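The values are calculated or read from the model by the stated rules, or taken from the named source; none is laboratory data. Fair warning: this is a prediction, and the values are worked out from it, not measured in the lab. Every residue, glycine as well, gets a Cβ built from its backbone with ideal geometry; the counts of neighbours run over all protein chains shown.
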Amino acid sequence: MKYLIIGNSAAGINAANIIRANDKKSSITIISNEEFNAYGRPLISYYLSGKVKPENMNYRSVDFYKSRNIEVLLNTEAEKIDIKNKEISISGDVKLSYDKLLIATGSSPFIPQIKNLDMDKQKNVFTFLTYKDSIKLKTKVTKKSKVVIAGAGLIGLKAAEGLFGQVASITVVDLADRVMTSILDKPVADDIQSHIEQNDIDFKLQTNICEVDGEQNISRIILSNGEILNCDILIVAVGVRPNINLAYSAGIKTAKGIIVNKYMQTSEKDIYAAGDCVESLDLLSNKSKILALWPNASNQGETAGFNMAGTKKKAPAAFAMNAISFFGLQLISAGIISGLNLNNGITYSTKNNLRRLNILNDNLIGFILINDNQRAGIYTALINDRTKLSTLEYDITLKDISLSVYPKEERTKKIWDYKGCSL
């Protein structure tokens, strides 16, 4: 058997690991268009800040590939999938054959239409999605740099945190009325913004960049509200788009992402897909969505690996969940945060401590925790298991939660299942 994996991040690596655990003899080849072995993508902002050194960026040990007899082709672009002949064309007119193929091509930064913006020519414009992006940015910034970040989502705010203390100023611009619109409601977003602003990071919300000045280097940013910002560094972090072109060109079924079934199999029998490039079934909405989350990619990669190696396994249920820290503030957001007729139970213990629970039809469907993450696993289990809150031992909006919230029989089962894990 010849296993071929396109993509060397969470989904691809976990798939390769599971395949090798279940098939000791067959060949496994990973194709990556990056120059590095698998690294922890969430760590790139910490590399930028200097908190994580290059040797600690690895997602797996340095001998991961060799110890598992996995061939990895770095700096290599997968250019075409030939389904009929089961071949992949890669850089340099080379063709690789496969019996089972995994597409784990991830996502790419979305570049908005901005007058005079030219990512190929202007040397002080960056994206912030890869380790290479972080390295390039780190070599360019100085203590005098005036940085403008387009995008107040997770990527943009982590870039801002990574640059804190290394530049003269940081301004974050976003068309939305709040930061991290996809995972926070307005009240909590305002609290997070206030916390970040205490670190001399400025926000320009409900406006966007409509024009830039400068041919080789951008010097000024013109906003849609008429405001002009001086700029030495521009970071474009307005979102990502799934990398589906390779699959689409091959005739594999796609929509916003690559369409897969519960076994991570595409519309082609021997081709699987996993990670940020696929559409996942959202547990809460029961709709197919892009859930570009590191844990989701890892789980999908493992599922694909099992099925490629012949062990039938369904992908675990998925829903949006993010665990983030900003300047010492710990934030966990999960499930549905806004947009429905929700009854909110909110508990404040201190100024920077919050618990918000979103409840609909006797089910917990979402939560936000700030500096209160010790029981996040139990809240997550309540969502994942679709537990009726009326069956619990007490009202979770009135009391700090623990395993005692479950009836005795269910509590015993949970304790056995978790085997002492901290929840």
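Overview of results
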{"read-out": "Within the stretch 1-96, strands (runs of 3 or more DSSP E) holding 1 or more residues that are within 30 Å of Ala323 (Cβ to Cβ), in contact with a strand residue (DSSP E or B) (Cβ under 8 Å, 6 or more places away or on another chain) and modelled with pLDDT of 95 or more", "value": "2-6, 27-31, 70-73"}
{"read-out": "Count of the stretch 277-298 residues which are crowded, with 18+ Cβ neighbours inside 10 Å, at pLDDT below 95 and of a type in the set (Ser, Thr, Tyr)", "value": "1"}
{"read-out": "Scan of the stretch 68-87 for residues that are out of contact with any helix residue (DSSP H, G or I) (no Cβ under 7 Å at 6 or more places or on another chain), in contact (Cβ under 8 Å) with a residue 60 or more places away in the chain and surrounded by 17 or more Cβ atoms within 10 Å (Cβ to Cβ), ordered by number", "value": "Lys86"}
{"read-out": "Flag for Ile44 being more than 30 Å from Gln166 (Cα to Cα) and buried (at least 16 other Cβ atoms within 10 Å of the Cβ)", "value": "no"}
{"read-out": "Residue in the stretch 97-116 that is in contact with a Leu (Cβ under 7 Å, 6 or more places away or on another chain) and more than 23 Å from Val278 (Cβ to Cβ) present", "value": "no"}
{"read-out": "Tally of residues being of a type in the set (Gly, Ala, Ser), closer than 22 Å to Arg355 by Cα and modelled with pLDDT of 90 or more across the stretch 151-194", "value": "3"}
{"read-out": "Breaking point among (1) in a loop (DSSP other than H, G, I, E, B); (2) under 24 Å from Arg41 (Cβ atoms); (3) among the basic types (Lys, Arg), for Lys123", "value": "(2)"}
{"read-out": "Exclusive hit being over 18 Å from the mean Cα position of the chain (by Cα) and of a type in the set (Lys, Arg), set Lys262, Lys256", "value": "Lys262"}
{"read-out": "Flag if Leu157 is aliphatic (A, V, I, L, M) and either within 18 Å of Asn322 (Cα to Cα) or in contact with a helix residue (DSSP H, G or I) (Cβ under 8 Å, 6 or more places away or on another chain) (or both)", "value": "yes"}
{"read-out": "Residues located in the stretch 1-59, provided they are among the charged types (D, E, K, R) and over 18 Å from the mean Cα position of the chain (by Cα)", "value": "Lys2, Arg20, Asp23, Lys24, Lys25, Glu35, Lys51, Lys53, Glu55"}
{"read-out": "So Lys138, is it part of a helix (DSSP H, G or I) and either in contact with an Asp or Glu (Cβ under 8 Å, 6 or more places away or on another chain) or at pLDDT 95 or above (or both)", "value": "yes"}
{"read-out": "Residues satisfying the stated conditions in the stretch 279-293, i.e. polar (S, T, N, Q) and in contact with an Asp or Glu (Cβ under 7 Å, 6 or more places away or on another chain)", "value": "Ser288"}
{"read-out": "Cross-chain or 6+ apart pairs with Cβ under 8 Å, the stretch 264-279 first and within 17 Å of Met1 (Cα to Cα), then surrounded by fewer than 23 Cβ atoms within 10 Å (Cβ to Cβ) and of a type in the set (Phe, Trp, Tyr)", "value": "Asp270/Tyr98; Tyr272/Tyr263"}
{"read-out": "Scope the stretch 97-111; condition among the polar types (S, T, N, Q), outside any loop (DSSP other than H, G, I, E, B) and either touching a Ser or Thr at 6+ places or on another chain (Cβ under 8 Å) or surrounded by 16 or more Cβ atoms within 10 Å (Cβ to Cβ) (or both); matching residues", "value": "Ser107, Ser108"}
{"read-out": "Any chance Asp276 is charged (D, E, K, R), out of contact with any Gly (no Cβ under 6 Å at 6 or more places or on another chain) and outside any helix (DSSP H, G or I)", "value": "no"}
{"read-out": "From the options Ala250, Ala274, residue that is in contact with an Asp or Glu (Cβ under 9 Å, 6 or more places away or on another chain) and either surrounded by fewer than 22 Cβ atoms within 10 Å (Cβ to Cβ) or more than 30 Å from Gly162 (Cβ to Cβ) (or both)", "value": "Ala250"}
